[in-house]
Amino acid sequence: MGARSHEGQAELDRILPRWHFREVHQVCVAAPAEAVLRAVWETTWGEAPIARALVALTRADVRKDRRIVRDFLGGMGETLNAGGGEVVFVGVDTLEDRPRPEGSAVELVRECAEPGLLKMVMNVRFREGVLSTETRVYATDDRTRRRFRPYWLAVRAGSGLTRTSMLRAIRRRALRGVG
């Protein structure tokens, strides 16, 4: 199991400091923070064709004009504007055909230990010229972790391409306004 990541991931560390599965991607962006953060919210699927094609394999409603962050990432459950150039997406899911426990996603991720849950956080962050995304998943019991592992291994390469495509599209949009 993983523990604290590199320095400066305070919000992810506060919400989900331990994880079983983790993925990190980053690109350098030579643009002002406000331009990059605006681009995070405004970049569309049409600007990230690789991400759009990969996500379209599992979802039919990926339209070119829809914004990536609000459409794809915001579907996790709750979106937190953590400040300091970071947006965090928080979600809880089950592998079983049963409803998730009551409560906000943030509360459940921080406090719920009910077996059968997958606690998920993902961020998009811009700091010191680096635009990054980190995903963490924590399974609340060994059975759920074992059942989730094959899925994680199967989707990881595509997920990495999706995230990298998304980050590059955000960078292109941010750089268009810099001259």
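The values are calculated or read from the model by the stated rules, or taken from the named source; none is laboratory data. Nothing here was measured: the structure is a model prediction, and the numbers come from that model. Neighbour counts run over all protein chains shown; Cβ positions are idealised from the backbone, glycine included. For accessibility, only protein heavy atoms count, side chains too; no ligands or nucleic acids. Shrake-Rupley method; radii C 1.70, N 1.55, O 1.52, S 1.80 Å.
Any residue at all in the range 45-64 that's surrounded by 19 or more Cβ atoms within 10 Å (Cβ to Cβ), touching a strand residue (DSSP E or B) at 6+ places or on another chain (Cβ under 7 Å) and touching a residue at least 12 places away in the same chain (Cβ under 8 Å)?
No: zero hits.
Given the structure, is Thr162 of a type in the set (Val, Ile, Thr), open to solvent by less than 80 Å² (accessible area, probe 1.4 Å) and either without any contact (Cβ under 8 Å) to a residue 60 or more places away in the chain or part of a strand (DSSP E or B) (or both)?
Against the criterion (of a type in the set (Val, Ile, Thr), open to solvent by less than 80 Å² (accessible area, probe 1.4 Å) and either without any contact (Cβ under 8 Å) to a residue 60 or more places away in the chain or part of a strand (DSSP E or B) (or both)), Thr162 does not qualify.
With more than 21 Å from Val92 (Cβ to Cβ) and touching a residue at least 60 places away in the same chain (Cβ under 8 Å) as the only criterion, which of Arg171, Arg156 stands out?
Arg171
Give the range 106-158 a look and list any residue that's crowded, with 17+ Cβ neighbours inside 10 Å, part of a helix (DSSP H, G or I) and small (Gly, Ala, Ser), or say none.
Result: no residue meets the conditions.
Name every residue in the range 95-150 that is farther than 22 Å from Val40 by Cα and hydroxyl-bearing (Ser, Thr, Tyr), in order of residue number.
Result: Ser104, Tyr138, Thr140, Thr144.
If you go through the range 85-104 one residue at a time, do you hit one that is of a type outside the set (A, V, I, L, M), over 17 Å from Arg38 (Cα atoms), within 17 Å of the chain's Cα centre (by Cα) and assigned to a loop (DSSP other than H, G, I, E, B)?
There is no residue in the range 85-104 that is of a type outside the set (A, V, I, L, M), over 17 Å from Arg38 (Cα atoms), within 17 Å of the chain's Cα centre (by Cα) and assigned to a loop (DSSP other than H, G, I, E, B).
Looking at this structure, is Val130 of a type in the set (Val, Ile, Thr) and touching a Cys at 6+ places or on another chain (Cβ under 7 Å)?
Judged against the criteria, Val130 is a match.
With the requirement that a residue be of a type in the set (A, V, I, L, M, F, W, C) and either open to solvent by 10 Å² or more (accessible area, probe 1.4 Å) or farther than 23 Å from Val24 by Cα (or both), what does the range 87-105 give you?
Selection gives Val92, Leu95.
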